[in-house]
Protein chains: 2
Amino acid sequence: MSAAATARREIPEASVARLPGYLRALTSLARDGIASVSSEELAAAAGVSSAMLRKDLSHLGSYGVRGVGYDVERLASEITSALGLTQDWPVAIVGMGNLGRALAAYRGFAERGFRVIALLDGDPRVVGEEVAGQRVRPMADLPALVTEEGLAIGVIATPSDGAQQACDDLVAAGVRSVLNFAPAVIAVPDGVVVRKVDLSTELQILAFHGQRVAVEEVVAP
Amino acid sequence: MSAAATARREIPEASVARLPGYLRALTSLARDGIASVSSEELAAAAGVSSAMLRKDLSHLGSYGVRGVGYDVERLASEITSALGLTQDWPVAIVGMGNLGRALAAYRGFAERGFRVIALLDGDPRVVGEEVAGQRVRPMADLPALVTEEGLAIGVIATPSDGAQQACDDLVAAGVRSVLNFAPAVIAVPDGVVVRKVDLSTELQILAFHGQRVAVEEVVAP
DNA sequence: AAATGTGAACGCGTTCACAGCC
DNA sequence: GGCTGTGAACGCGTTCACATTT
């Protein structure tokens, strides 16, 4: 195995999760014509500590210059490469309810190299409808999307009771990366990565903190 | 200070983040007419280990029965109370672009006790438009929403360059809990809690894993 | 007998602090 | 002199394993 692949594999998950933030900050700096940054500056732009930034970057390799800082273009390119963003990633969205339609129309994906190549739904009454300029396709189309179009990432936007089935279909077709918006726990075989985004959970966590503040105010005004 | 308030404050953040998942699993069990669960069963339903579940619940108090398990209704009620979900939480969404409109139309919020009481936008051309049955209001309405309607949670769905301003307006009006969908780091004073949801970041993390798999397959087919 | 609640062990992630290099 | 890269220290969160309780 090559050294690059080895290094790449050993990046801790927590670091990987911060790399997109660093990349965004670097892109913004580059747009402002800034050619070089210190870890202190970049960390501030990304909202982390400089020590954490340096430790994170050290997992990618040694791309800084002591006494100087990091070359903005170079570092952006290294992170892009480490994240695997040099290629386009075809994405399919499953579930054309409220949220699915919203995601289909959301332009933020395309901006970062994610092409929504298909919208799918398990309900035959929805299949064929036009959403965000695409015709909604049946789940049976999934295998062909994987083999012919290189589909690699599935987004689940079904109601919670359909999430497991949708995921099973995606995995059976060969998709190994899933972003789950349904408020449900889904089981997958080894080798498949699932990330979950749950809007209600986020609000519930905020409610907890809001309540905590309210309690404090009553107790110690 | 009451014991309940003290205990509530000491729940570790990581545990708080899992409570909504437990609550969801319990609600589902209750709907199926199940009155009692063991930590093993509930943990499986929530997708965590039984040891972690028990440790998490121990922060709330001692609501299980040794040798028996947990009463579903009782535990659901305790978690509801710990999270502060006995009351309704008024929410405002700022930024009526693509994502903001989608969130405004999303019904998942209301189902869990979050009332979207206002949609706002900083652009006068958007103010007055009707979105999801509500008239879009100007940012100047924020202070009145806080004092008169008890607005407590703000959702930022602006483009990234408007996020800090939107957040500043929310905080100035008295909002202490913010859910940020904009791909930007925002600064807030102490006492204000911000949670961030970034769809592109999630996809980028998935891309990393997808690429890792691809590399492995080339190296060790 | 069965399952909770919890101290102790463990491991990961973050921060510290400084050696090393420009 | 200044800033990176990193071993060491630290702290938090998870898991283990069992004493405790019904």
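The values are calculated or read from the model by the stated rules, or taken from the named source; none is laboratory data. Quantities reported herein were computed from a predicted structural model and do not represent experimental measurements. Quick reminder, even Gly has a Cβ in these numbers, built from the backbone with ideal geometry, and neighbours come from all protein chains shown. Quick note on the areas: whole protein, heavy atoms, side chains included, nothing else; ligands and nucleic acids left out. Shrake-Rupley method; radii C 1.70, N 1.55, O 1.52, S 1.80 Å.
Peptide B:182-188 has a mean shielding of 3, counted as Cβ atoms of other protein chains within 10 Å of each residue's Cβ. Counting charges near A:Ala144 (Lys, Arg +1; Asp, Glu -1) among other residues having Cβ under 14 Å from its Cβ returns a value of -3. Cα to Cα, under 20 Å, and not fewer than 8 places away if on the same chain: which aspartates and glutamates meet these conditions relative to A:Lys55? Result set, ordered by chain and number: A:Glu10, A:Glu13, A:Glu40, A:Glu41, A:Asp71, A:Glu73, A:Glu78. The tail of the calculated P(r) for chain A, taken as Cα-Cα distances beyond 30 Å, holds 40 percent of the pairs. Shortest first, B:Glu149 label-point distances to identical copies amount to 4.0 nm, with the label point at 7 Å from Cα along Cα→Cβ.
The distance between label points at A:Glu129 and B:Ala105 comes to 0.9 nm (points 7 Å beyond Cα on the Cα→Cβ vector). For chain B, complete DSSP H runs whose alpha carbons reach 24 Å or more along their own long axis and whose mean Kyte-Doolittle score is 0.0 or higher are B:13-31, B:199-219. Considering every alpha-carbon pair of the protein assembly as shown, the percent of pairs per 10 Å bin, from zero through the bin containing the longest distance, is 4, 19, 27, 29, 17, 4, 0.
Residue order by solvent-accessible surface for B:Asp71, B:Asp123 is B:Asp71, B:Asp123, largest first, with ligands and nucleic acids left out and a 1.4 Å probe.
In segment B:1-119, taking the dipole from charged Cβ atoms about the Cα centre, the farthest positive-side position among B:Pro90, B:Val72, B:Ala104 is held by B:Ala104. Atom-type composition of the exposed protein surface of segment A:73-221 places 49 percent of the accessible area on carbon and sulfur (1.4 angstrom probe). Label points for A:Gly33 are taken 7 Å from Cα along Cα→Cβ. From this copy to the others they lie 7.3 nm apart, shortest first. Over all other residues within a Cβ to Cβ distance under 11 Å of A:Leu23, the charged ones net out to +2, with Lys and Arg as +1 and Asp and Glu as -1.
In nanometres and ascending order, the distances from the B:Glu10 label point to those of the other copies are 4.1 (point 7 Å from Cα along Cα→Cβ).
Of all chain A C-beta atoms, the nearest to the rotation axis linking A with B is recorded, alongside its rounded Å distance, as A:Ala102, 1.
Solvent exposure of the protein assembly as shown amounts to 46 Å² per residue of accessible area, where only protein heavy atoms count and the probe is 1.4 Å. Looking at the protein assembly as shown, the DSSP beta bridges with both ends there are about 25 percent antiparallel. Of all aspartates and glutamates in the structure, the ones whose alpha carbon falls short of 12 Å from that of A:Lys196, not counting any fewer than 8 places away in one chain, are B:Asp198, B:Glu202.
Each other residue within a Cβ distance under 10 Å of B:Leu119 adds +1 if Lys or Arg and -1 if Asp or Glu, for a net charge of 0.
Probe radius 1.4 Å, ligands and nucleic acids left out: can you give me the accessible area buried at the B-A interface, summed over both chains, in Å² to the nearest hundred? Roughly 5900 Å² of accessible surface disappears when B and A pair.
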